[in-house]
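Single-structure report; data block below.
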Amino acid sequence: MLSRAATSLTLFGRHLERADHLARILGVHVALALDRSDEPGPEFWMRFMQLAGWPGSDTGRRDQAIEMVIAGTLGPSVRTSVAAARLAAQAVRPSLPSELYEHVNALHWRVQQSGWQPDLYPFLNEVQMGVRLADGLLEDTMSHDEARDFVRLGKFVERAANVTAIVTKKSAELADSPEDALEWTAVLKSCFAFESYQSRYSGGVTPDRVIECLVLDEALPRSARFSATAALEAVIRIDGKGRRSRPRRLLGRFKSMFQRAETKTIAQHPRDFDAECRTLLRQLEGALRETYFHPSKVSTSVTGDEERAMPQQQQQIRHRSGVAVAAGLIPAATLFPSHPALRGAGFKTDQSIYRKESRPGGEAARSMRGNHPGFLSYQR
């Protein structure tokens, strides 16, 4: 598989998961602000912005926080995540079922054009249901091959990171009031696991049980441990038999971190556990780039999420000679090797790999023949 295709497929899964995550935590925290007995002040919304991936934001107003998480361009937002997922899908359209691509394309335009101000909850619910429908189309209409595994790799690494961040940050935030059932219920709802928690545990919501459910449960699809296992299984299938790549070894360590973790330890030292998780994710980012995506000078960090960024196709746009050259809006491998953005980047050209490409409009071109340089590939 071309490295460009591997990158775009991974980004496709990651950005869809990010859009669903942002829409869900926004809806939960808006409802939480209404359910609290006291009026939430600026600190409430600043903590929420940090949770949503805007660590440097000083936004302390409800309306500003909502607008930035839905339509902001300087950090993670619902609209930019859906747009990035559509962009990644365009880059690998021949690899995706037409039903899946058309659904993501339609979701993009609905999110971009629909107004969320009149009624916030239907807008957020449409985003969440749209992402879940995309997941269903992926599983039921796409061949269970290497392409699907890259999508699942991006999806589950993103989910494991998001769930771990929510649980550890809330644990540290609520250290002085660990019995705040309303806040911990919001944590469960933010991870789409409230009903699963109720079906498993009797009694009320407690911090230890929430941590056990969301971080350590090996059977719950929304838990960090389950997500780490699913990501590892995807890499095992990508590598094939007889190969232990560096991403596979790191994901094995990532999975083992959850297997050996104890609820009490996480509750007492949430920041230490979060730091260990972020360290492994940073190492995994580099390993994925070196093994499948090839390193380049084009930025692959995610705005607002630099500490655990993965290959990314959406960054600030720079204009060169009237052409927008973005670290991400234009996938690196779609540029000719002599392009200024790729000079000295260390890409490897492979003139023996050919496949259908997509024009900017998405129309599939004919299979390429003859000597056609500029394709990037990873080697098994």
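State all residues of the range 184-227 that are of a type in the set (Asp, Glu) and surrounded by fewer than 19 Cβ atoms within 10 Å (Cβ to Cβ); if no residue qualifies, say none.
Listed by number, the residues that qualify are 195, 208, 218.
Out of (1) part of a helix (DSSP H, G or I); (2) touching a residue at least 60 places away in the same chain (Cβ under 8 Å), what's the single condition that is false for residue 76?
Condition (1) is where residue 76 drops out.
When you check residue 165 against the structure, is it small (Gly, Ala, Ser) and touching a helix residue (DSSP H, G or I) at 6+ places or on another chain (Cβ under 6 Å), yes or no? Walk me through how you get there before you give the answer.
Details: small (Gly, Ala, Ser): yes; touching a helix residue (DSSP H, G or I) at 6+ places or on another chain (Cβ under 6 Å): no.
No; evaluated as a whole, the condition is false for this residue.
Among the residues of the range 273-294, is there at least one that is at pLDDT below 95, part of a loop (DSSP other than H, G, I, E, B), more than 16 Å from residue 161 (Cα to Cα) and of a type outside the set (Val, Ile, Thr)?
yes
Which numbered condition trips up residue 163, out of (1) in contact with an Asp or Glu (Cβ under 6 Å, 6 or more places away or on another chain); (2) under 27 Å from residue 15 (Cβ atoms); (3) not acidic (Asp, Glu)?
Answer for residue 163: the failing condition is (1).
When the residues of the range 35-61 are narrowed to those that are more than 16 Å from the chain's Cα centre (by Cα) and aliphatic (A, V, I, L, M), which ends up surrounded by the fewest Cβ atoms within 10 Å (Cβ to Cβ)?
46
Exactly one condition in (1) of a type in the set (Ser, Thr, Tyr); (2) modelled with pLDDT of 90 or more; (3) over 19 Å from residue 107 (Cα atoms) is not met by residue 141; state its number.
Of everything listed in (1) of a type in the set (Ser, Thr, Tyr); (2) modelled with pLDDT of 90 or more; (3) over 19 Å from residue 107 (Cα atoms), residue 141 misses just condition (3).
Going by what's in this entry, would residue 47 be described as in contact (Cβ under 8 Å) with a residue 60 or more places away in the chain, in contact with an Asp or Glu (Cβ under 9 Å, 6 or more places away or on another chain) and within 26 Å of residue 180 (Cβ to Cβ)?
yes
Mind telling me which of the residues 64, 90 ends up being surrounded by fewer than 23 Cβ atoms within 10 Å (Cβ to Cβ) and without any contact (Cβ under 8 Å) to a residue 40 or more places away in the chain?
From the options 64, 90, the qualifying one is 64.
Say whether the condition of being in a helix (DSSP H, G or I), free of Cβ contacts under 8 Å to residues at least 40 places away in the same chain, surrounded by fewer than 19 Cβ atoms within 10 Å (Cβ to Cβ) and over 20 Å from the mean Cα position of the chain (by Cα) is met by at least one residue in the range 116-125.
The answer is yes, given that some residue of the range 116-125 is in a helix (DSSP H, G or I), free of Cβ contacts under 8 Å to residues at least 40 places away in the same chain, surrounded by fewer than 19 Cβ atoms within 10 Å (Cβ to Cβ) and over 20 Å from the mean Cα position of the chain (by Cα).
Please indicate, with yes or no, whether at least one residue in the range 86-97 is touching a His at 6+ places or on another chain (Cβ under 8 Å) and charged (D, E, K, R).
Yes, there is a match, as at least one residue in the range 86-97 is touching a His at 6+ places or on another chain (Cβ under 8 Å) and charged (D, E, K, R).
Filtering the range 141-180 down to residues that are more than 21 Å from the chain's Cα centre (by Cα) and either of a type in the set (Lys, Arg) or outside any helix (DSSP H, G or I) (or both), which residue is nearest to residue 55 (Cα to Cα)?
174
Does the range 105-156 hold any residues that are more than 30 Å from residue 287 (Cβ to Cβ) and charged (D, E, K, R), and which are they?
Result: 110, 119, 126, 140.
The values are calculated or read from the model by the stated rules, or taken from the named source; none is laboratory data. All of these numbers come straight from a predicted model, not from anything done at the bench. Positions of Cβ are backbone-derived with ideal geometry, glycine not excepted, and every protein chain shown enters the neighbour counts.
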